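Enquirer: Below: one structure in structure tokens.
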């Protein structure tokens, strides 16, 4: 495609997003859903209190592992609620959203709101773009060809098996998120309201361990903690990974328009109310990326509007089932690790590359 045609695509898609945004606003899909969010927050807090009542009631018992698994799932739901508040989906007031996110993440999930917000905002600004999106940056898992090429020794051994190792490794993600939060909060000037946030996060993490040791002997307390962290990490990772992993990677110099950047690099996951709950609304990833401040329950209603617009503009709209999305993630990571095929070319990004 020549430069003139590329410019035409850019202008068309920018205009398309403007028209789409207008239709979404006129449909009242950007309105707040106060009752929906308050009810979810109250239910989650009551469930959290019930966990600790159940912990003391059961006492020294291996049945505590049931509570540990439930707490891991519940912590994930608090993470989703914190995510929504951080995106200003809950309230009109920026301060209300910020402090709600800080409390939900810090007190109930043990995560730093400031650390997460900075990382997540960079992801939304450039999803799946090398050098900009922290979610595809080099780590234990290599998500791009350039990251894979730099591996050697033991990391090379992991690379060749990373697709199969991905979900087992997610059981460590809960611990990794807590450590990343603490490291950030220990660094002076790293986040706003650092002292308050550090107090919330550290109090939650320390109190959690102390209570476990008061109720359970060391062995059972360790098993409880390990299972809770494993469930937390697995639930979060299994919800976030299907949204972008295996979608096109934008090269460092790529400059796709906003609509293409958010739609072509994202994947929706279908499955109904159960999947909506389990993934915290992140299964409507395309709609979320196009309208980050849209209240979670409105994403489902916006989906047919967004999909119809994408079809009209000729922009690929990807949606698969939950299990299929996980299979795609595993296959993609194995392909990166084995370098058996090049999965990284994004036609739209290449057309609009600087």
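Enquirer: Quickly rank 91-102, 251-262, 27-38, 299-310 as a protection proxy: mean count of other C-beta atoms within 10 Å, highest first. Before the final figure, lay out each step's value.
Expert: On the way: 91-102: 16.0, 251-262: 19.8, 27-38: 13.7, 299-310: 17.7.
The packing order, highest mean first, is 251-262, 299-310, 91-102, 27-38.
Enquirer: Which angle between 0 and 90 degrees, to the nearest 10, do you get for helix 64-86 versus the longest principal axis of the chain when only C-alpha atoms count?
Expert: For helix 64-86, the angle is close to 40 degrees.
Enquirer: Counting each DSSP H run of 4 or more residues in the chain as -39500 (n - 2.57), what helix-only mean residue ellipticity at 222 nm follows after dividing by all residues, to the nearest 500 deg cm²/dmol? Walk me through the intermediate numbers first.
Expert: Working: 17 runs with 234 residues, N = 354.
Mean residue ellipticity at 222 nm (helix-derived): -21000 deg cm²/dmol.
Enquirer: Could you tell me whether segment 155-301 comes out rounded, prolate or oblate from its Cα gyration tensor? Rule is a ≥ b ≥ c as square roots of the eigenvalues, rounded for a/c under 1.5, then prolate if a/b exceeds b/c, otherwise oblate. Could you put the intermediate results ahead of the total?
Expert: Values: a/c = 1.69, a/b = 1.56, b/c = 1.08.
The shape class here is prolate.
Enquirer: Now for a separate question. Taking only Cα atoms and a 10 Å spring cutoff, compute GNM fluctuations for the chain and point out the largest among 267, 117, 296.
Expert: Looking only at 267, 117, 296, the biggest GNM fluctuation is shown by 117.
Enquirer: How far apart, in nm, are the 7 Å Cα→Cβ label points at residue 45 and residue 140?
Expert: Each label point is offset 7 Å from its Cα along the Cβ direction, giving 3.4 nm.
Enquirer: Same structure again: Using a Gaussian network model of the chain with C-alpha springs under 10 Å, which one of 219, 337, 69 is most mobile by mean-square fluctuation?
Expert: For the chain, modelled as a Gaussian network with Cα springs under 10 Å, the answer is 219.
Enquirer: Tell me the angle of helix 194-215 to the major Cα principal axis of the chain, expressed in degrees between 0 and 90 and rounded to the nearest ten.
Expert: On a 0 to 90 degree scale, this one is about 50.
Enquirer: Cα centroid distance between segment 269-283 and segment 141-197, in Å?
Expert: 25 Å
Enquirer: Continuing with this model, one more query. Along the Cα→Cβ direction, 7 angstrom out, place labels at residue 70 and residue 27. What is the inter-label distance in nm?
Expert: Reported label-point gap for residue 70 and residue 27 is 3.8 nm.
Enquirer: Would you mind calculating the relative contact order of segment 21-130 from Cα pairs under 8 angstrom and at least 6 residues apart, reporting the percent as a whole number?
Expert: Averaging sequence separation for qualifying contacts and normalising by length gives 21 percent for segment 21-130.
Enquirer: Tell me the angle of helix 218-240 to the major Cα principal axis of the chain, expressed in degrees between 0 and 90 and rounded to the nearest ten.
Expert: 20 degrees
Enquirer: Just check segment 195-255 against the gyration tensor rule for me: Cα atoms, a ≥ b ≥ c as the square roots of the eigenvalues, rounded for a/c under 1.5, and otherwise prolate or oblate depending on whether a/b exceeds b/c. It would help to have the intermediate numbers written out before the result.
Expert: Working: a/c = 5.10, a/b = 2.03, b/c = 2.52.
Oblate, since a/c reaches 1.5 and b/c is not below a/b.
Enquirer: With a/c under 1.5 counting as rounded, go ahead and sort segment 117-169 into rounded, prolate or oblate using the C-alpha gyration tensor (a ≥ b ≥ c being the square roots of the eigenvalues; past the cut-off, prolate if a/b is larger than b/c, else oblate).
Expert: On the way: a/c = 2.89, a/b = 1.85, b/c = 1.56.
The shape class here is prolate.
Enquirer: If I model a spin label at residue 307 and residue 96 as a point 7 Å from the Cα along the Cα→Cβ vector, what separation in nanometres do I get?
Expert: 3.3 nm
Enquirer: Taking the alpha-carbon centroid of each part, what is the distance from segment 41-114 to segment 307-340 in angstrom?
Expert: Between the Cα centre of segment 41-114 and that of segment 307-340, the gap is 31 Å.
Enquirer: Relative contact order, percent, of the chain when contacts are C-alpha pairs under 8 Å separated by at least 6 residues? Intermediate values should be presented prior to the final figure.
Expert: Working: 487 pairs, mean separation 88.6, N = 354.
Answer for the chain is 25 percent.
None of the figures in this text is laboratory data; all of them are computed from the coordinates on show. All figures in this text were calculated on a predicted structure; none of them were measured in a lab. Backbone-built Cβ (ideal geometry, glycine too); neighbour counts: all protein chains shown.
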